[in-house]
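Structure record follows, encoded as structure tokens.
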Amino acid sequence: MKQSVALIVVIPVGPKCRPEFILDTLDSVQHYIHSTHQVILSDDSQNPAICAAVTAQRPEVIVLPTSESHGKWLGLYVSLCNAYRYALDNFDFEALLRLDTDALIIGHDPELPILDLFRREPTVGLAGRLIRGITSPDDLGNVWDNRVVREMFTSIGKVFTRHFLRQPLIHWRIRPVMFQAIYNGYEFGDFVFGGTYVFSRRGLEALRDQGFLPLAGVQKAQLEEDYFFSMLIKAAGLELGDLAVGDLPFGVAWVGLPAAPETLAQANKKIIHSTRSWQDMKEQDIRQYFKSRRTQDANAPLLQPVAV
């Protein structure tokens, strides 16, 4: 019988991940997420000591080691697909939150607007910081330049371009799926940023039913996994959702934080990326800032998670 939880949290672990930072991210999950949840570490580090150091303090965390190193690009897509299939096979859940090890939860109940979105809009399969068009501004003063992503997919579509001919067999495998996505309204390069995002259960089931969890023969493609998952969701007939506008919980950027730590807190952002840096602040400083906020938090977390 499958265990029933509101939320699955999947964290990919690579060879350079630091156990103390993983534990800090897990502390933030435990402190702020009050709905029932299960954490899964997708361990592609090929170094058992990393996750062993984590589970020594967090024995409830599930570790799924890969049998071989998948690495980045669509290798990461494949290793994450294995974790997502495990979640589908073993748990009943409403949503699956993917967190990088340099992502952090900084506010109470970030899952509630996520669950609300998927209940209100059941066609949304994947949501977070939605990047659209050539340039995509956020509410924090950042503008995402999306030209490279659009050019990648355009090259795959055209054939005989330099990019296509670098990996012709792999790109030929991707083309029919990409055209299926276009038929369903996909615009080249639209994607939900991958430092942290959330799938609905329906979204993951649709990917599995279409044979996209994973799509065979694409592991070596030089595409980022978030670009690819977003395109696959559209190919599966579902939509991409935005959870970053206004007071919605995602406050994310690719390199470093999208705003100062105190600004993110004041803007009611609850899921952030990346803790690696903000101006002169390093990761240790940023994590200490938010750890101090957790320590001083007057609204103590619930002793027992509650079902939503």
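What the table below lists for this structure:
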quantity	calculated
Search result, residues across the range 271-285 that are in contact (Cβ under 8 Å) with a residue 12 or more places away in the chain, of a type outside the set (Asp, Glu) and closer than 22 Å to PRO19 by Cα	ILE271, ILE272, HIS273, SER274, THR275, ARG276, SER277, TRP278, MET281
Any chance ASP226 is open to solvent by 10 Å² or more (accessible area, probe 1.4 Å), under 12 Å from ALA127 (Cα atoms), out of contact with any Lys or Arg (no Cβ under 8 Å at 6 or more places or on another chain) and free of Cβ contacts under 8 Å to residues at least 40 places away in the same chain	yes
Flag for SER136 being modelled with pLDDT of 90 or more, buried (at least 16 other Cβ atoms within 10 Å of the Cβ) and in a loop (DSSP other than H, G, I, E, B)	no
The lone exception for VAL54 - which of (1) closer than 19 Å to THR196 by Cα; (2) open to solvent by less than 10 Å² (accessible area, probe 1.4 Å) it fails	(1)
Residues that are open to solvent by 50 Å² or more (accessible area, probe 1.4 Å), of a type in the set (Phe, Trp, Tyr) and modelled with pLDDT of 95 or more, drawn from the range 247-283	TRP278
Residues within the range 182-193 that are among the hydrophobic types (A, V, I, L, M, F, W, C) and surrounded by fewer than 22 Cβ atoms within 10 Å (Cβ to Cβ), tallied	2
Every residue from the range 228-272 that is in contact with a helix residue (DSSP H, G or I) (Cβ under 8 Å, 6 or more places away or on another chain) and β-branched (Val, Ile, Thr)	ILE233, ILE272
Some residue of the range 204-217 being small (Gly, Ala, Ser) and within 25 Å of ASP102 (Cα to Cα)	no
Subset of the range 72-125 (residues that are charged (D, E, K, R) and part of a helix (DSSP H, G or I))	ARG85, ASP89, GLU111, ASP116, ARG119, ARG120
Cross-chain or 6+ apart pairs with Cβ under 6 Å, the range 97-110 first and under 19 Å from LEU80 (Cβ atoms), then outside any strand (DSSP E or B) and open to solvent by 10 Å² or more (accessible area, probe 1.4 Å)	THR101/CYS17; THR101/PHE21; ASP102/ARG276
Enumeration of residues in the range 7-57 that are of a type in the set (A, V, I, L, M, F, W, C), in contact with a strand residue (DSSP E or B) (Cβ under 8 Å, 6 or more places away or on another chain) and assigned to a helix (DSSP H, G or I)	ILE22, LEU26, VAL29, ILE50, CYS51, VAL54
Residue that is farthest from HIS37 (Cα to Cα) [pool: residues in the range 1-20 that are open to solvent by 20 Å² or more (accessible area, probe 1.4 Å) and hydrophobic (A, V, I, L, M, F, W, C)]	CYS17
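The values are calculated or read from the model by the stated rules, or taken from the named source; none is laboratory data. This one's a predicted model, so the numbers in the text were calculated from it and none came from an experiment. All Cβ positions, even for glycine, are placed from backbone atoms using ideal geometry, and neighbour counts span all protein chains on display. The area values use the complete protein model at the heavy-atom level, side chains included, leaving out ligands, DNA and RNA. Shrake-Rupley method; radii C 1.70, N 1.55, O 1.52, S 1.80 Å.
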